[in-house]
1. Just to be sure before I move on: is residue 251 in the same structural domain as residue 197 (by TED's automatic domain parsing), part of a loop (DSSP other than H, G, I, E, B) and modelled with pLDDT of 85 or more in the structure I sent?
2. Residues in the range 405-422 that are at pLDDT 90 or above and in a loop (DSSP other than H, G, I, E, B): how many?
3. Going by the conditions given, is residue 258 closer than 17 Å to residue 194 by Cα and surrounded by fewer than 20 Cβ atoms within 10 Å (Cβ to Cβ)?
4. Quick one: residue 82 ticks every box in (1) surrounded by 16 or more Cβ atoms within 10 Å (Cβ to Cβ); (2) within 29 Å of the chain's Cα centre (by Cα); (3) over 24 Å from residue 367 (Cβ atoms) bar one, so which box is it?
């Protein structure tokens, strides 16, 4: 029965993704949302219940219910309902002893779809156990791996000299400063296996492309003395790296291959070429250029050398980023004097605006599962990181940093392995 239901659930997710329910606001309390595909966008409705005899256990289960609701809603796969009458699925948290509980999922027709092992109600590792349980539920019901334990590295400014590189989870917890050397460190980019990431360091004697290694917690110079660097982009395999290098005010794009010290020049223009984003398979390159007289996004086929323009609306479109499957692109563009986030397919045929805020929204990056977008929003002169679903709904802050702290240049991966205690 569960296999039959799993196939049906996956089918429903796909149908919702393609069809949606048009002309409905996904989040009525957020006026900045533009609903593109419909409020469901590949989501299943689910209601949560608790069953227990003891008052102490009931109090604890109600706390856990809120945790489960937060995780399930955050995953982008579920819409929460208040009662089981409104839901496709019902998740029940039921005590099995005074110190343990289990999770049971059933359909609206009362068919049992999933039953977990016993999980402790209390203990030091409870948070870890709960996260594992929610990940298991998501996988059993949808066949999709959760990104609840993915990782984000970003730049933080304020409170001390220089720009710090900070690691956190997608809930803004487990914050850890990785690089705090007083230099201007920018543009972190994960390598495919997430054992390291590269970043640009602007120093008194010039710019350097650095590589941070998690195995020993140190940074080393990857590229230097090549001109002014402004970021780079790996392919999924980590054997190709494209960077933007500027000499005498003109920047071009260069390709570096693993095992070779030579660089391959990709562009030969008097215009500025920047913001490189290499497709996961390493065959296509997105970048921003002012070659047309305005700053637009272009795509280059690295196999044929063909280059063509992707954006035509507006005079300033930058920061393109590939989705991990290489089928979609997000970018930032100026509209009515403010940066907003846009979505397009890989061929530039379908273009949709995701934000319409009074504040600038820019620097978009994909979540590892392609269902969320992290971006920077400028509020009262300060930059804060936000996350939203791909349909523009469920906008929320990543961190709770206060005044005087700016956050920018996020990079997101599911490949990073958090220590077991987290």
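The values are calculated or read from the model by the stated rules, or taken from the named source; none is laboratory data. Predicted model, so just to flag it, every value in this text is computed and none were measured. Reconstructed Cβ throughout: ideal geometry from the backbone, glycine too, with neighbour counts over all protein chains shown.
1. no
2. Going through the range 405-422 one residue at a time, the tally reaches 5.
3. When the stated conditions are applied, residue 258 passes them.
4. Result: residue 82 passes all but (1).
The rows are residues; the columns are (1) touching a helix residue (DSSP H, G or I) at 6+ places or on another chain (Cβ under 9 Å); (2) in the same structural domain as residue 388 (by TED's automatic domain parsing); (3) modelled with pLDDT of 95 or more; (4) in a strand (DSSP E or B).
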| position | (1), (2), (3), (4) |
| --- | --- |
| 280 | no, yes, no, no |
| 311 | no, yes, yes, no |
| 320 | no, yes, yes, yes |
| 332 | no, yes, yes, yes |
